[in-house]
Amino acid sequence: MIKADIVSALEEIAVLLELRGENPFKIRAYQTGARALETMEEDLDALLEANELGKVPGIGSALIEKVATLRADEALPFLDELRASIEPGLVEMLEIPGLGAKRVRKMHEALGVDSIESLQAACKSGAVAEMKGFGAKTAEKILHGIVQRAAYAKRHLWWQADLVARPILEGLRELPQVKRAEIAGSLRRLKETVGDLDFVVAASEVEPVMEWFVSQSSVESVTAQGTTKSSVRFEGGLQADLRVVPEEQFAFALHHFTGSKEHNVALRQRALARGFSLSEWGLTQKDGADGAEAGAMGHGIKSEAGLFQFLGLTEIPPELREGMGELEAAEAGTLPELLEPSRVRGVFHNHTDASDGRDSLEAMALAAKELGFEYLGLADHSKASFQANGLDDARVLKQLEKVRAYNASESEGAHLFAGIECDILKDGSLDLEDTTLSALDYVVVSVHSAFGMGAAEMTQRVIRAIEHPTTTMLGHPTGRLLLRREAYAIDLAKIIDAAIANQVIIEINANPQRLDLDWRLWRRAAERGLHCAINPDAHGVSGLDYFRAGVNIARKGWLPAEQVLNCRDQAGVERWFAKRQ
Ligand code: DGT
Ligand code: CA
Ligand code: CA
Ligand code: ZN
């Protein structure tokens, strides 16, 4: 079983245990373990072999044996028994938005519901409404959830969701009743994909704000309209939640609905340890002795910064709130200084009409200048990418001359660097002559073929390309297309090791559909010395702007500017290239 499948298995165990009403600590151990396994970059097999998996923080002793068994591809009797003990209909019910394992279990025990259909019937008959702690409103919500389930299942690219969200935020801010309005949720956290949009508003009057929100022309259907929350669905299936709160609750609501859940849980635990109960409404002081509550809700906190400060932390930017050590860093004062788009002086992996780009070298250079770039790297495809009109050695050398002539001319565009996106052939050799490659300023190497080979072979293939003396950077290291194509099998820990050892850069491919190398891996990799280049992989002038999505990922990956090649000036980049060749 590959690592991703083991992660899913651990997550599944957590859910199944919850459906059975097991001990919350046990459940949490599996959730934490799944996360730890997902984000670790060490080679799983090496750790297992050395008996060192337990050293990975978050992987408890109970999990080690199960991971080992799953890795060895054996069936896990524990999981099989667990599955067999729970009706599949219960698991399916968890796909209903807003419905958690606890409630599913209660309804199953009290009413015998065992499928979405029987749940729907129980909601309609009033049986659910009559249950203690449920009520008519909950039954109604479940019915809504069942109807919406199919549409909710789909996720959306961050870039597209952001395009939808920006004008809505502007519209909200223009309403006279609105005092403050912000985007929350995964969109604000800059996740690569987004389930739904979340807006949080402080307003003097709720109704007109809700009314404006649900009657936007792009709204296809209104799934909820209330006094604190409304939800809508746009054409294309994207949904949005709006929460309206009184101004004194705004900072708390914004923080809560920004998430992530993991971050929220950790912050709530920190508040509890200091004698406060934290929620989306505010902070309540716990009286201690008899458990009675005392103290004001807001403590005068008007901003997220104020909330973090109250809890003894420096402000944690939304994109770092993933429950991946940000509280510890905020306490120690070691949060990274996040990269700003304005620090990006140029980008390296872009295509022109010489291969499969739409625009000429001159047009690309001008567009780069207009974006404020000092330089632009051209990296058209090489000949093995024949479907993309890749360049052979002669055409590469001709383009190199053209770049040199452009830089020597009086033209207004950005300085051009002459590069190539050279195909990594099946055996790991490069698609062009060494003499051609070393004549260029830099070389991006990428896999564009034979995605189906096994992980070991793919890893060897890419490492061989990384070790090639002319290689400057590795392009889109997993080949994934978000929501469309899985990453090819490859051992990224070994790839990162090889890149560091050879002083080869790994790119953040900033095309919104790639965002590859994944943000989850950058923090550790950068700490170990890996350098990064943010590359829009533009296939026309309009694609250059994607570099902003790459900056998002660099921020989310805790990347320091010193390790981002794009932050160097032209001379600094030239020095890096020279060192390599
Ligand atoms: P998404 O929409 O799937 O891309 O991810 P989010 O993070 O935007 O999640 P969403 O829209 O369900 O909820 C927004 C935030 O609200 C979430 O990040 C944390 C908070 N939140 C929602 N439900 C819960 C919950 O059950 N427990 C906790 N602790 N926080 C929650
Ligand atoms: Ca969301
Ligand atoms: Ca939401
Ligand atoms: Zn490519």
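The values are calculated or read from the model by the stated rules, or taken from the named source; none is laboratory data. Since the structure is predicted, the reported quantities are computational estimates derived from the model, not experimental observations. When we count neighbours, we look across all protein chains shown, and the Cβ atoms used for this are built from the backbone with ideal geometry, even at glycine. Accessible surface areas use protein heavy atoms only, side chains included; no ligands, DNA or RNA. Shrake-Rupley method; radii C 1.70, N 1.55, O 1.52, S 1.80 Å.
I'm trying to understand the selection: among the residues of the stretch 165-209, which are open to solvent by less than 20 Å² (accessible area, probe 1.4 Å), within 14 Å of ligand 3 (Cβ to nearest atom) and more than 16 Å from Val232 (Cβ to Cβ)? Listed by number, the residues that qualify are Ser186, Thr193.
When the stretch 543-563 is filtered for residues that are out of contact with any helix residue (DSSP H, G or I) (no Cβ under 6 Å at 6 or more places or on another chain) and either in contact (Cβ under 8 Å) with a residue 24 or more places away in the chain or open to solvent by less than 10 Å² (accessible area, probe 1.4 Å) (or both), the ones remaining, listed by number, are Gly543, Asp545, Tyr546, Phe547, Gly550, Asn552, Ala554, Pro560.
All of (1) surrounded by fewer than 19 Cβ atoms within 10 Å (Cβ to Cβ); (2) in contact with a strand residue (DSSP E or B) (Cβ under 8 Å, 6 or more places away or on another chain) hold for Gly372 with one exception: (2). Given the condition in contact with a helix residue (DSSP H, G or I) (Cβ under 8 Å, 6 or more places away or on another chain), within 16 Å of ligand 1 (Cβ to nearest atom), under 30 Å from Val573 (Cβ atoms) and not in a strand (DSSP E or B), answer yes or no: does some residue in the stretch 320-330 qualify? Among the residues of the stretch 320-330, at least one is in contact with a helix residue (DSSP H, G or I) (Cβ under 8 Å, 6 or more places away or on another chain), within 16 Å of ligand 1 (Cβ to nearest atom), under 30 Å from Val573 (Cβ atoms) and not in a strand (DSSP E or B), which makes the answer yes. Contact map, the stretch 406-422: first residue farther than 16 Å from Leu371 by Cβ and without any contact (Cβ under 8 Å) to a residue 12 or more places away in the chain, second residue away from ligand 2 (no atom under 16 Å from the Cβ) and in a strand (DSSP E or B), Cβ cut-off under 7 Å, separation 6 or more or different chains; pairs are Asn407/His415; Asn407/Leu416. Among residues of the stretch 41-71 being out of contact with any Asp or Glu (no Cβ under 8 Å at 6 or more places or on another chain) and in contact (Cβ under 8 Å) with a residue 40 or more places away in the chain, the one that is most open to solvent (accessible area, probe 1.4 Å) is Glu42.
One residue stands out in the stretch 234-281 among those that are of a type in the set (S, T, N, Q) and assigned to a helix (DSSP H, G or I): the one that is farthest from ligand 1 (Cβ to nearest atom), namely Gln249. Inside the stretch 472-501, can you point out the residues that are without any contact (Cβ under 8 Å) to a residue 40 or more places away in the chain, touching a Ser or Thr at 6+ places or on another chain (Cβ under 9 Å) and open to solvent by 40 Å² or more (accessible area, probe 1.4 Å)? Scanning the stretch 472-501 gives Glu486, Ala487.
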